[in-house]
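Asker: The structure follows.
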Amino acid sequence: MSMTLDRSTDLAPPLPKKGLLGLSPVNARRLANFRANKRGYWSFLIFMILFILSLFAEFLCNDRPIVASYKGEILFPVFVDYPEEKFGGFLATTDYRDPVIADEIKAHGWMIWPPIHFSYNTVNLDAPKGPGPVARSAPFAPTWTLPKDYCTTATIKSCDEVEWNWLGTDDQGRDVVARLVYGFRISILFALILSGISSVIGVMAGAVQGYFGGKVDLIFQRVIEIWSSLPRLYILIILAGIFVPGFFVLLSILLLFSWVSLVHLVRAEFLRARNFEYVNAARALGLSDIRIMAKHLLPNAMVATLTFLPFILSGSIEQLTALDYLGLGLPPGSASLGEMLLQGKSNLQAPWLGLTSFFAIAITLSLLVFIGEAVRDAFDPRKTFQ
């Protein structure tokens, strides 16, 4: 028996075509909502441009050339530490800013330098000094603020010939722009790693609490309440004073407390959804608890998690900056926004230090907050934009 389809019957509308990104209609609407929040969308673009540029900090601010040609050989000093013996010297590593080495390479080839000829730890021994007895020692003022005649007198070169420190130097004669670029990269990478690991631990802990409930939830909840009530700052100071400071040591110390921030949110989502009909149906079909949690409950909980992620990221940057400001963060000499802020407080006669670090931190945190607002709007099902 064959059935014929009546062409006059109304059919279901076809599914909308997926765009280049292959997004589902729900995710396409979220992306449209995110773009509709102009402030958050542009903040995201600006933040990503700054972050990607900072990833290539060695190609922007470095005291060694990117590429050099010497006696017909192409060299890559940005990647390889060539001994100075290669250029007629005797040191283990080459100082490409040394006029003798620079003249030797130029006489037998060429060099392509980054836009800023300083790394985060390069001391500018030829920095043009400003007028007055205080300005004759580091920190030195931005070169463009110096009187042209005095700049000529202090360095025996004209201001056009010396290497400019666009935002001045710190109290050890290191370029502020270079330290700002490297410090921004360290802060963002540190915050991303800390936020990622703490989110994974927090989501897992909240999922176990919310899904199983009962005594498991009760015990976990009491443990988290006791753990959260500990004086975090004092413990961090004590641990930072015991262990040798370092990137991963600091990351481990901050991870002790940062994972708690998402537990309550994920726990509430799992508690709400664990008795839904589709979850009970999955149990009746014999699916394991882990599969039900991962395949059916976690996607809904991730919406709330992603909404809070930019705020967790900004909180991680604040923690690292605060510890660096207190002198308990990254090792001495590391490029850090908090260390620059501390230098600004210790050198009030050099306002460019405090202002640079303040605006860098304020702009970074503001961009993340605006991005967080846009992400929240994107995942809000009641939010629509014209």
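Asker: Between Leu287 and Ile193, what is the label-point separation in nm under the 7 Å Cα-to-beta-carbon projection?
Answerer: Output for this residue pair reads 3.6 nm.
Asker: Summing Lys, Arg as +1 and Asp, Glu as -1, what charge do residues with Cβ under 10 Å from the Cβ of Ile292 carry, Ile292 excluded?
Answerer: +3
Asker: GNM on the chain, C-alpha springs below 10 Å: top fluctuator among Val244, Val203, Val260?
Answerer: Val244
Asker: With the chain treated as a Gaussian network of Cα nodes joined by springs under 10 Å, which of Ser261, Ser137, Ser229 yields the largest mean-square fluctuation?
Answerer: Highest fluctuation among the options: Ser229.
Asker: Working out 0.36 nm times the residue gap between Ile201 and Asp149, then minus their Cα-Cα distance, what length gain in nm do you get to one decimal?
Answerer: Computed gain between Ile201 and Asp149 is 12.7 nm.
Asker: Just the number, please: carbon plus sulfur as a percent of the accessible area of the chain, 1.4 Å probe, no ligands or DNA/RNA counted.
Answerer: Answer for the chain: carbon and sulfur cover 67 percent of the accessible area.
Asker: Next question. Hand me the tally of lysine pairs in the chain: alpha carbons under 12 angstrom apart, and the pair either on different chains or 8 or more positions apart. Working shown, then result.
Answerer: Working: Lys71/Lys86; Lys71/Lys106; Lys129/Lys148; Lys129/Lys157; Lys148/Lys157.
Lysine pairs satisfying the spacing and distance rule in the chain number 5.
Asker: While we're here: Write down the accessible area per residue of region 201-321 in Å², having rolled a 1.4 Å probe over the full set of protein chains.
Answerer: Accessible surface, normalised per residue, equals 55 Å².
Asker: Tell me the label-point distance for the pair Lys106, Leu255, using the 7 Å Cα-to-Cβ offset, in nm and rounded to one decimal.
Answerer: Rounded to a tenth, the inter-label distance reads 4.9 nm.
Asker: Peptides 367-379, 299-311: what's the order by average Cβ count within 10 Å, highest mean first?
Answerer: Numbers: 367-379: 21.0, 299-311: 17.2.
Packing proxy ranking, top to bottom: 367-379, 299-311.
Asker: Still on this structure, please answer the following. Once you have the Cα-Cα distance between Glu225 and Lys295, take 0.36 nm times their residue separation minus that, and quote the gain in nm to one decimal.
Answerer: Extending this stretch completely gives an extra 22.3 nm.
Asker: Which of the peptides 55-66, 103-114 is most tightly packed, and how do the rest follow, going by the mean number of other Cβ atoms within 10 Å of each residue? Spell out each step's value before the answer.
Answerer: Numbers: 55-66: 18.2, 103-114: 14.7.
Ranked by mean Cβ neighbours within 10 Å, highest first: 55-66, 103-114.
Asker: On to the next question. Given a Förster distance of 41 angstrom, what is the FRET efficiency for Leu218 paired with Asp81, based on the Cβ-Cβ distance and rounded to 0.05? Could you put the intermediate results ahead of the total?
Answerer: Details: r = 58 Å, r/R0 = 1.41.
Once the sixth-power term is evaluated, E becomes 0.10.
Asker: Compare the peptides 175-181, 142-148, 276-282, 331-337 by average per-residue count of other Cβ atoms within 10 angstrom and give them in order, highest first.
Answerer: Highest mean packing first, the order is 175-181, 331-337, 142-148, 276-282.
The values are calculated or read from the model by the stated rules, or taken from the named source; none is laboratory data. Quick caveat, the model's predicted, so the values are computed rather than measured. Neighbour counts run over all protein chains shown; Cβ positions are idealised from the backbone, glycine included. For accessibility, only protein heavy atoms count, side chains too; no ligands or nucleic acids. Shrake-Rupley method; radii C 1.70, N 1.55, O 1.52, S 1.80 Å.
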